[in-house]
1. If you take the residues in region 185-225 that are loosely packed, with under 12 Cβ neighbours inside 10 Å and of a type in the set (Gly, Ala, Ser), which one is farthest from residue 127 (Cα to Cα)?
2. Hey, does region 128-140 have a residue that's among the hydrophobic types (A, V, I, L, M, F, W, C), in a strand (DSSP E or B) and touching a residue at least 12 places away in the same chain (Cβ under 8 Å)?
3. Please work out which one of (1) part of a loop (DSSP other than H, G, I, E, B); (2) open to solvent by 80 Å² or more (accessible area, probe 1.4 Å) is the condition residue 169 fails and give its number.
4. Say whether the condition of being modelled with pLDDT of 90 or more, open to solvent by less than 20 Å² (accessible area, probe 1.4 Å) and in a loop (DSSP other than H, G, I, E, B) is met by at least one residue in region 105-124.
5. Scan region 141-163 for residues that are modelled with pLDDT under 95, in a helix (DSSP H, G or I) and out of contact with any strand residue (DSSP E or B) (no Cβ under 9 Å at 6 or more places or on another chain) and jot them down.
6. Just to check your reading of the model, which residue among 25, 79 is out of contact with any strand residue (DSSP E or B) (no Cβ under 7 Å at 6 or more places or on another chain) and modelled with pLDDT under 80?
7. Among the residues of region 130-164 satisfying the criterion of being in contact with a Ser or Thr (Cβ under 6 Å, 6 or more places away or on another chain) and open to solvent by 20 Å² or more (accessible area, probe 1.4 Å), which is nearest to residue 107 (Cα to Cα)?
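The values are calculated or read from the model by the stated rules, or taken from the named source; none is laboratory data. Not measured: the values here are computed from a predicted model. Cβ: placed from backbone, ideal geometry, glycine included. Neighbour counts: every protein chain shown. Ligands, DNA and RNA are excluded from the accessible area calculation, which covers all protein heavy atoms including side chains. Shrake-Rupley method; radii C 1.70, N 1.55, O 1.52, S 1.80 Å.
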Amino acid sequence: MAKQKFYVVWDGAEDGVYTSWEACKEAVSGFSGAKYKAFKTEAEAEDAFEMGYEAYQKKALTSPSSPSLQSSPSMEKEKIPFSGSGLPSAAISDSIAVDAACSGNPGKMEYRGVYLRTGKEIFHYGPVWGTNNIGEFLAIVHGLALLKQKGLHTMPIYSDSVNAQLWVKRKMCKTTLERNEKSEPIYQLIARAENWLRNNSYQNPIIKWPTEEWGEIPADFGRKG
């Protein structure tokens, strides 16, 4: 049985890290000048994607046998043990993590972002009537807008929500929440977030936090169950 490979698309229809050749092929097929490569491990693929194509190529040329990839100072991956900081060694400490919580779904929702290096909360919004997925989406956009405002154009954002990451890529929140007087405030926030995505570009990688491997994302509200 063939071992799973991970595919980085630096320049294609949708850039990112893919876990199957079929998904990668869809992202690059018919795209002129597509840049992509297969890797043996997810960590190697994420490193290469975060570095960017040119930086990765330069690194590969100077030390092609090196198993660990290094990025620019702002994207440096610190080796932090689980003890002490509580972060896994593969996590990028110079980054932010976002998460949402909802009392009921729909229900009272809030979201926040934390800086991984210190664990400090850097933004928080809510509670407001909504859903968890909406909160995850808004949290990513809030993080992107904040980082752009601060000039931190390469700092990554961790999110544990696949749906929210897809909605951000598509610049549209595909919620099924009924629009009424109670939900109107959250729909106004959604419109603002979608408008920001349509009118702003960003370089910040949005990375899936591997919950099964690393545990709960550091921005988690701790309200499971």
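1. 201
2. Scanning region 128-140 turns up at least one residue that is among the hydrophobic types (A, V, I, L, M, F, W, C), in a strand (DSSP E or B) and touching a residue at least 12 places away in the same chain (Cβ under 8 Å).
3. So residue 169 meets the others, but not (1).
4. So far as region 105-124 goes, yes, one or more of its residues are modelled with pLDDT of 90 or more, open to solvent by less than 20 Å² (accessible area, probe 1.4 Å) and in a loop (DSSP other than H, G, I, E, B).
5. Passing the criteria: 148, 149, 163.
6. 79
7. Only one residue tops the list, namely 160.
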